[in-house]
Amino acid sequence: MDEQMQSAMKSTEDRRWRLVNRTMRLHGHEPHALIETLHAVQEHFGFLDLDALKYVSQALRVPLSRTYGVATFYHHFTLKPPGEHTCVVCKGTACYIGGASGILDDFEKTVGIGPGQTTPDGKISLVTARCLGSCGLAPAVVFDGEVCGRMTSEAVLERIRRWTDHDPDD
């Protein structure tokens, strides 16, 4: 059995792939469903790996280069498995002026990872965004989906410490 058939069979056995396939089916497997389908993959798997990009490209009849281009252009998509916790620092104009670059510098010095990286233990991923649309809260940082405003390096690092120091037996 060739790789293509295995991929198709695997995709129908996994509930997550059935949900992704449903998204494509709702749009008639048309190329215009690319972004929505990538969102579905990201939502159900947590990231977009090469096999997923190939599968979506083939199913929607879109060149792999275009699928990869879309996946790497938008900050929402990630090609690597995320950490247990995700910290997104906004780098939009208001946030940048408000101190986002200092937050990122201090994060890297303290935690040891930069934007787009995950700690070796898989606990924390650091991501940057061009703009979160929360300019009135600048600088804004998103912790596991929760937007927090008027952040300082100290406040961000305290939140990170809670993630790393947390004892599940507490």
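Does L137 fit the bill of being of a type in the set (A, V, I, L, M) and in contact with a strand residue (DSSP E or B) (Cβ under 8 Å, 6 or more places away or on another chain)?
yes
Determine whether P139 is part of a loop (DSSP other than H, G, I, E, B) and more than 27 Å from H39 (Cβ to Cβ).
The answer is no for P139.
Could you tell me which of the residues E36, E84, E43 is modelled with pLDDT of 95 or more and either among the aromatic types (F, W, Y) or under 30 Å from G133 (Cα atoms) (or both)?
Checking each option against the conditions leaves just E36.
Give just the number: which of (1) in contact (Cβ under 8 Å) with a residue 24 or more places away in the chain; (2) under 15 Å from the mean Cα position of the chain (by Cα) does Q117 not satisfy?
The failed condition is (1).
Identify, by number, the condition in (1) farther than 26 Å from G46 by Cα; (2) buried (at least 17 other Cβ atoms within 10 Å of the Cβ) that A155 doesn't meet.
Failing condition for A155: (2).
Give the number of residues within the range 125-136 that are of a type outside the set (A, V, I, L, M) and in a loop (DSSP other than H, G, I, E, B).
Of the residues in the range 125-136, 4 are of a type outside the set (A, V, I, L, M) and in a loop (DSSP other than H, G, I, E, B).
I'm checking my understanding of the structure. Among residues of the range 120-130 that are touching a residue at least 24 places away in the same chain (Cβ under 8 Å) and loosely packed, with under 15 Cβ neighbours inside 10 Å, which one is nearest to P81 (Cα to Cα)?
G122
Taking the conditions exactly as written (farther than 25 Å from Y74 by Cβ and of a type in the set (V, I, T)), does T164 satisfy them or not?
So T164 fits the description; yes.
Does S101 count as within 19 Å of R162 (Cβ to Cβ) and assigned by TED's automatic domain parsing to the domain that holds A138?
Answer is no for this residue.
Please go through the range 99-119 and give me each residue that is hydroxyl-bearing (S, T, Y) and either exposed (fewer than 14 other Cβ atoms within 10 Å of the Cβ) or not in a loop (DSSP other than H, G, I, E, B) (or both), ordered by number.
S101, T110, T118
Which of the residues belonging to the range 39-80 are touching a Lys or Arg at 6+ places or on another chain (Cβ under 7 Å) and either among the β-branched types (V, I, T) or free of Cβ contacts under 8 Å to residues at least 24 places away in the same chain (or both)?
Selection gives L64 alone.
The values are calculated or read from the model by the stated rules, or taken from the named source; none is laboratory data. All of these numbers come straight from a predicted model, not from anything done at the bench. Reconstructed Cβ throughout: ideal geometry from the backbone, glycine too, with neighbour counts over all protein chains shown.
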